[in-house]
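Below is one structure, written out as structure tokens, with a few remarks after it.
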Amino acid sequence: MSDQTIYLKDYTAPAFLVDEVHLTFFLAPKATRVVSKIKFRPNPDSSATEFFLHGEQLRFLGAKIDGAQVTPTLTDTGLTCDVPDGPFTWEAEVEVAPEDNTALEGLYMSGGMYCTQCEAEGFRKITYYPDRPDVMSVFTVRVEGDYPVLLSNGNPTAAGEGWAEWHDPWPKPAYLFALVAGNLVNHPGTFTTMSGKEVELNIWVRPDDIGKCAFGMEALKRSMIWDEEVYGREYDLDIFNIVAVDDFNMGAMENKGLNIFNSSAVLASPETSTDANFERIEAIIAHEYFHNWTGNRITCRDWFQLCLKEGLTVFRDQQFTGDMRSHAVKRISDVLTLRARQFREDNGPLAHPVRPESFVEINNFYTATVYEKGAEIIGMLKTLVGDENYAKAVQLYFDRHDGDAATIEDWLKVFEDTTGRDLTQFKLWYGQAGTPRIAVTEQLENGTYTLTFKQSTPATPGQPIKDPRVIPVAVGLLNDQGEETQATTVLEITEAEQSFTFSGLSSKPTPSVLRGFSAPVIIERQSNNSERAFLLAHDTDPFNKWEAGRALAKDCLSRRVIDGTPLPADYLDALARVAQDDTLDPAFRALALAAPSQDDMAQTLFDAGVTPDPLKIYETLQSWRQEVAERLQNALPNLYAAMHVEGAYSPDAEPAGKRALQGIVLSFLSRLDSGDQARAQYAAADNMTQQLSALSCLLSVDRGKEQLSAFYDQWKSDRLVMDKWFGLQTSLANPDSAAATATALTQHADFDWKNPNRFRAVIGGLAMNPAGFHDPSGASYELVADWLIKLDPLNPQTTARMSTTFETWKRYDADRQAQMRAALERIQSTPDLSRDTSEMVTRILG
Ligand code: B3K
Ligand code: ZN
């Protein structure tokens with residue numbers, strides 16, 4: 001196994017280009033034969049001459065060039081061969097064993113069906129090929145196998161008993177190749193595009209799941225219309241297929257015309273899916289569909305440019321969800337995720353630039369930084385150039401680069417050409433890792449109010465020194481009546497220290513800084529809780545209104561963790577006011593009433609120079625819930641009743657928001673009524689949102705044994721619901737019994753550890769229970785390490801991803817650090833550890 005580091009600076013153009021690919025698959029679980037016929041020609045823009053094709057874990061059966069047999073030189077990673085000077089046709093025959101492919105990369109089997117996952121470098125496990133995104137070609141595929149459904153990319157061209165042929169007219173890199181075969185049924189649909197073309201739509205599932213496709217189909221149609229209306233992008237094939245697969249390493253994959261989805265990211269029904277599931281499914285369907293233009297028609301030159309397609313496509317799916325639901329609520333949830341995942345990454349040993357400069361295993365760079373911070377960069381760019389210029393620049397990008405394998409430079413150039421603006425400094429966002437800190441100070445003198453910003457970014461691995469970046473900081477000012485005296489204005493910070501003035505002020509205003517979270521930074525400003533309460537009550541910017549409440553909560557909770565300070569009455573009063581303010585969207589109120597997460601509190605304390613004690617944080621949050629419940633006691637029953645939704649279940653934002661607030665209210669009520677209301681809700685629930693929220697409330701107050709086993713009996717044959725059943729138990733277990741709970745669940749007959757969703761539910765669920773994961777016995781660290789070591793030889797990608805559970809180890813006390821380090825070292829020293837996991841563990845250890 002090679003574990004060489006690959007560098008962006010070493011990029012060279014491919015020696016050969018591909019004009020046509022013809023593939024024939026003779027499917028068999030243990031021995032699928034893949035016959036390839038590929039038209040190559042030397043790349044006029046490359047001085048390289050070596051003919052190298054990637055290929056891994058392939059049984060080579062033979063090869064020909066222009067019809068004559070050749071004997072290439074084979075290695076573990078590919079082959080080389082002498083080739084003619086001009087264009088030539090390469091033919092090869094290889095054999096692969098999809099049934100033995102537990103890594104779920106390349107061609108593999110899931111529940112009796114064949115499927116593929118090629119991004120980033122999985123195509124080389126299917127046949128010999130220049131498996132790099134800058135080699136694009138038209139593909140024609142013939143699939144032979146005894147299955148009723150045989151699918152590949154593009155349009156179907158011919159089919160008969162046991163075979164089908166597909167042709168994809170759009171040149172694409174091999175990572176977008178896909179094939180599916182199996183006993184599947186389809187939920188059909190149609191879509192008429194803006195130019196009047198009829199497109200056939202299908203969601204392909206196993207027969208048992210046919211009742212769970214309707215929502216996904218409607219979400220797909222909404223995505224297609226939205227991309228036409230907002231970005232002017234039309235679909236470009238006669239057919240668009242989505243397939244649901246149970247064993248999948250991530251959410252979904254945007255293969256051209258044949259998206260393959262983790263079942264959890266597409267299948268939905270009111271009885272089995274929560275509101276959050278519906279929203280996530282809608283977003284993922286949109287995301288994969290949007291890739292058709294941002295990713296497929298315009299792809300990446302090399303994998304260092306991954307954020308070119310991912311950051312932009314995440315940004316687009318965030319805009320879409322905002323349009324479909326609520327922009328304010330979406331922004332708050334996105335920032336919650338960004339801080340929980342990306343800030344955590346950016347402030348620890350795994351910090352890396354949005355465009356990394358090197359990697360050992362590219363699959364390890366499908367990160368929150370590339371995706372979410374990548375999307376924040378697009379958002380900042382839009383803020384800086386304005387909506388109109390953003391729209392123009394993006395159109396120019398589509399016009400100029402359609403059919404290209406592009407770079408971040410290409411992307412920035414369309415903005416420079418559209419606006420005349422120099423984006424050299426802005427580009428630092430792609431190259432510099434780490435979350436900038438901005439210290440804000442204020443001064444009022446002779447009616448002039450000055451805000452001063454000082455930016456700095458802490459050192460990250462390999463990057464000790466950082467330069468000042470361009471940071472758009474949206475600011476508004478409020479007077480002491482709570483009226484807005486300065487509407488939102490975007491201040492562009494470009495220097496290490498910079499001041500901005502506002503004139504004509506008679507008294508000191510209250511600044512509302514970083515409205516809408518206009519940049520992915522940490523604001524450091526001396527504030528106090530009366531100011532925060534004031535902003536919570538009066539800020540017109542919904543994000544900052546929520547943010548003020550959050551800062552208030554974190555401050556009160558931190559004090560309580562540090563020295564037991566009781567929660568101030570005015571804080572509880574402010575919460576009570578928000579809870580009962582009917583002018584506010586229930587979904588917003590639910591977010592405002594939710595406690596900060598344990599991990600968020602740990603990071604907050606760590607940033608304040610306090611070593612976080614996970615158990616103490618857990619206990620503090622528990623007592624917070626109790627105190628809030630008591631303070632809200634009189635209001636809770638009415639609020640609970642007011643959030644009742646009449647009529648049939650709908651996953652739309654409005655009823656979902658009401659259920660979200662009702663769920664929070666129920667969690668408080670459960671602390672006062674021994675779970676009576678939750679038991680009643682559980683018994684009456686006709687949808688998964690309410691069933692699961694009732695069960696969680698019961699488990700959180702140490703009740704619900706009966707419901708937990710009833711839940712199992714009711715849902716044991718539904719895989720996706722059983723993932724919830726498993727995950728809930730490890731994530732909500734009491735700290736001192738979490739490891740034991742997880743151990744018991746790993747011995748459960750339904751614990752199929754080779755299935756990534758189930759593995760993530762149990763092992764990932766434990767990691768999402770910080771007090772349980774960090775139990776001082778070290779039992780959870782041991783357990784997680786044992787399971788990662790066990791999974792690694794089968795599925796390196798999922799193992800590597802889950803090793804990030806340990807990424808915050810340096811935050812904790814010496815004992816915990818020693819235990820976590822020992823667990824990491826044990827993983828690291830495992831013989832034959834995969835390149836994926838080895839790279840991650842080595843970086844985490846630092
Ligand atoms: N592009 C895929 C992710 C592929 C991950 C490879 N390890 C899904 C997405 O971002 O849409
Ligand atoms: Zn994506």
task = Go through region 338-370 and count every residue that is free of Cβ contacts under 8 Å to residues at least 40 places away in the same chain and more than 15 Å from ligand 1 (Cβ to nearest atom).
result = 0
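How many residues, within region 798-827, are crowded, with 18+ Cβ neighbours inside 10 Å and either part of a helix (DSSP H, G or I) or modelled with pLDDT under 95 (or both)? Outline the logic, then answer.
If we filter region 798-827 for residues that are crowded, with 18+ Cβ neighbours inside 10 Å, which is where we start, we get 798-809, 811-812, 816, 819-820, 823-824, 827.
Checking which are either part of a helix (DSSP H, G or I) or modelled with pLDDT under 95 (or both) leaves us with 798-806, 809, 811, 816, 819-820, 823-824, 827.
Within region 798-827, residues that are crowded, with 18+ Cβ neighbours inside 10 Å and either part of a helix (DSSP H, G or I) or modelled with pLDDT under 95 (or both) number 17.
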task = Could you tell me whether region 305-314 includes any residue that is away from ligand 2 (no atom under 11 Å from the Cβ), more than 27 Å from Arg659 (Cβ to Cβ), in a strand (DSSP E or B) and not hydrophobic (A, V, I, L, M, F, W, C)?
result = no
note = Quick count over region 113-150, residues being within 20 Å of Ile65 (Cα to Cα), among the aliphatic types (A, V, I, L, M) and either open to solvent by 10 Å² or more (accessible area, probe 1.4 Å) or within 16 Å of ligand 2 (Cβ to nearest atom) (or both), is 1
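Quick check on Val385: is it under 28 Å from Ile298 (Cα atoms) and either open to solvent by 50 Å² or more (accessible area, probe 1.4 Å) or touching a residue at least 24 places away in the same chain (Cβ under 8 Å) (or both)?
On the way: under 28 Å from Ile298 (Cα atoms): yes; either open to solvent by 50 Å² or more (accessible area, probe 1.4 Å) or touching a residue at least 24 places away in the same chain (Cβ under 8 Å) (or both): yes.
In short, yes.
For region 554-581, which residues satisfy the criterion of being among the charged types (D, E, K, R) and free of Cβ contacts under 8 Å to residues at least 60 places away in the same chain?
Step one: filter region 554-581 for residues among the charged types (D, E, K, R), giving 554-555, 559-560, 563, 570, 573, 577, 581.
Of everything in region 554-581, those that are among the charged types (D, E, K, R) and free of Cβ contacts under 8 Å to residues at least 60 places away in the same chain turn out to be Lys554, Asp555, Arg559, Asp563, Asp570, Asp573, Arg577, Asp581.
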inquiry  = With the structure loaded, tell me whether Thr77 is closer than 24 Å to Met136 by Cα and either at pLDDT below 95 or not aromatic (Phe, Trp, Tyr) (or both) or whether it fails that test.
reply    = yes
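For region 584-636, give me each residue that is small (Gly, Ala, Ser) and under 29 Å from the mean Cα position of the chain (by Cα).
Taking region 584-636 first, the residues small (Gly, Ala, Ser) are 587, 590, 592, 594-595, 597, 602, 608-609, 623, 629, 635.
Correct list: Ala587, Ala590, Ala592, Ala594, Ala595, Ser597, Ala602, Ala608.
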task = State yes or no: is Ala328 among the hydrophobic types (A, V, I, L, M, F, W, C), closer than 30 Å to Asp686 by Cβ, touching a residue at least 24 places away in the same chain (Cβ under 8 Å) and within 13 Å of ligand 2 (Cβ to nearest atom)?
result = no
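Can you find, within region 36-71, the residue that is farthest from Pro14 (Cα to Cα) among those that are assigned to a loop (DSSP other than H, G, I, E, B) and free of Cβ contacts under 8 Å to residues at least 12 places away in the same chain? Steps first, please.
The first filter runs over region 36-71 and keeps only residues assigned to a loop (DSSP other than H, G, I, E, B), leaving 43-51, 55-58, 66-67, 71.
Narrowing further to those that are free of Cβ contacts under 8 Å to residues at least 12 places away in the same chain: 44, 47, 71.
Working: Pro44: 10, Ser47: 9, Thr71: 22 Å.
Here the residue is Thr71.
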key: Test set (1) in contact with a helix residue (DSSP H, G or I) (Cβ under 8 Å, 6 or more places away or on another chain); (2) within 11 Å of ligand 1 (Cβ to nearest atom) - Glu288 fails condition number   = (1)
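Among residues belonging to region 19-34 that are assigned to a strand (DSSP E or B) and among the charged types (D, E, K, R), point out the one that is nearest to Gly112 (Cα to Cα). Before the answer, list the steps.
Looking only at region 19-34, we keep the residues that are assigned to a strand (DSSP E or B), and these are 19-26, 32-34.
With among the charged types (D, E, K, R) added as a condition, the list becomes 19-20, 33.
On the way: Asp19: 34, Glu20: 31, Arg33: 18 Å.
The selected residue is Arg33.
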ask   = If you go through region 648-674, how many residues are polar (S, T, N, Q), open to solvent by 30 Å² or more (accessible area, probe 1.4 Å) and under 14 Å from Val628 (Cα atoms)?
value = 1
ask   = Which residues, counting only those in region 443-472, are buried (at least 16 other Cβ atoms within 10 Å of the Cβ) and among the acidic types (Asp, Glu)?
value = none
message = Against the condition among the aliphatic types (A, V, I, L, M), within 14 Å of ligand 2 (Cβ to nearest atom), open to solvent by 10 Å² or more (accessible area, probe 1.4 Å) and modelled with pLDDT of 95 or more, how does Ala283 come out, does it pass?
response = yes
query = Within region 625-664, which residues are under 18 Å from Asp582 (Cβ atoms) and part of a loop (DSSP other than H, G, I, E, B)?
reply = Asn634, Ala635, Met643, His644, Val645, Glu646
note = Selection over region 606-623 where residues are in contact with a helix residue (DSSP H, G or I) (Cβ under 6 Å, 6 or more places away or on another chain), open to solvent by less than 30 Å² (accessible area, probe 1.4 Å) and among the hydrophobic types (A, V, I, L, M, F, W, C) yields a count of 1
message = If a residue must be assigned to a helix (DSSP H, G or I), more than 8 Å from ligand 2 (Cβ to nearest atom) and open to solvent by 10 Å² or more (accessible area, probe 1.4 Å), how many such residues does region 286-303 contain?
response = 1
ask   = Out of (1) of a type outside the set (Val, Ile, Thr); (2) within 13 Å of ligand 2 (Cβ to nearest atom); (3) in a helix (DSSP H, G or I), the odd one out for Asp323 is which?
value = (2)
request  = Consider only pairs whose beta carbons are under 9 Å apart and that are at least six residues apart or on different chains; among these, list those whose first residue lies in region 769-781 and is within 13 Å of Ala740 (Cβ to Cβ) and in contact (Cβ under 8 Å) with a residue 12 or more places away in the chain and whose second residue is in a loop (DSSP other than H, G, I, E, B) and aliphatic (A, V, I, L, M).
outcome  = Asn769/Ala733; Gly772/Ala733
task = Report yes if some residue within region 246-263 is under 11 Å from Ile203 (Cα atoms), outside any strand (DSSP E or B) and of a type in the set (A, V, I, L, M, F, W, C); otherwise report no.
result = no
task = Report yes if some residue within region 263-271 is open to solvent by less than 10 Å² (accessible area, probe 1.4 Å), within 16 Å of ligand 2 (Cβ to nearest atom), touching a strand residue (DSSP E or B) at 6+ places or on another chain (Cβ under 7 Å) and touching a residue at least 60 places away in the same chain (Cβ under 8 Å); otherwise report no.
result = yes
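Based on what the data block shows, is Asp387 more than 30 Å from Asp19 (Cβ to Cβ), at pLDDT 95 or above and more than 16 Å from ligand 2 (Cβ to nearest atom)?
yes
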query = Of all residues in region 202-236, how many are more than 24 Å from Gln395 (Cβ to Cβ) and more than 25 Å from the chain's Cα centre (by Cα)?
reply = 5
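Grab the strands (runs of 3 or more DSSP E) fully contained in region 164-217, keeping just those with 2 or more residues being aliphatic (A, V, I, L, M) and at negative phi. Please lay out each step first, then the result.
On the way: elements: 179-182, 185-192, 198-205.
Of the strands (runs of 3 or more DSSP E) lying wholly inside region 164-217, those with at least 2 residues that are aliphatic (A, V, I, L, M) and at negative phi span 179-182, 198-205.
Taking Met250 as the residue in question, decide whether it is open to solvent by 10 Å² or more (accessible area, probe 1.4 Å) and away from ligand 1 (no atom under 16 Å from the Cβ). I'd like the intermediate steps shown before the answer.
Details: open to solvent by 10 Å² or more (accessible area, probe 1.4 Å): yes; away from ligand 1 (no atom under 16 Å from the Cβ): no.
When the stated conditions are applied, Met250 does not pass them.
The values are calculated or read from the model by the stated rules, or taken from the named source; none is laboratory data. Remember, it's a predicted structure, so these values are computed and weren't measured experimentally. Glycine gets a Cβ as well: all are built from the backbone with ideal geometry, and neighbour counts include every protein chain shown. Heads up: the accessible areas ignore ligands, DNA and RNA and are worked out on the full protein's heavy atoms, side chains in. Shrake-Rupley method; radii C 1.70, N 1.55, O 1.52, S 1.80 Å.
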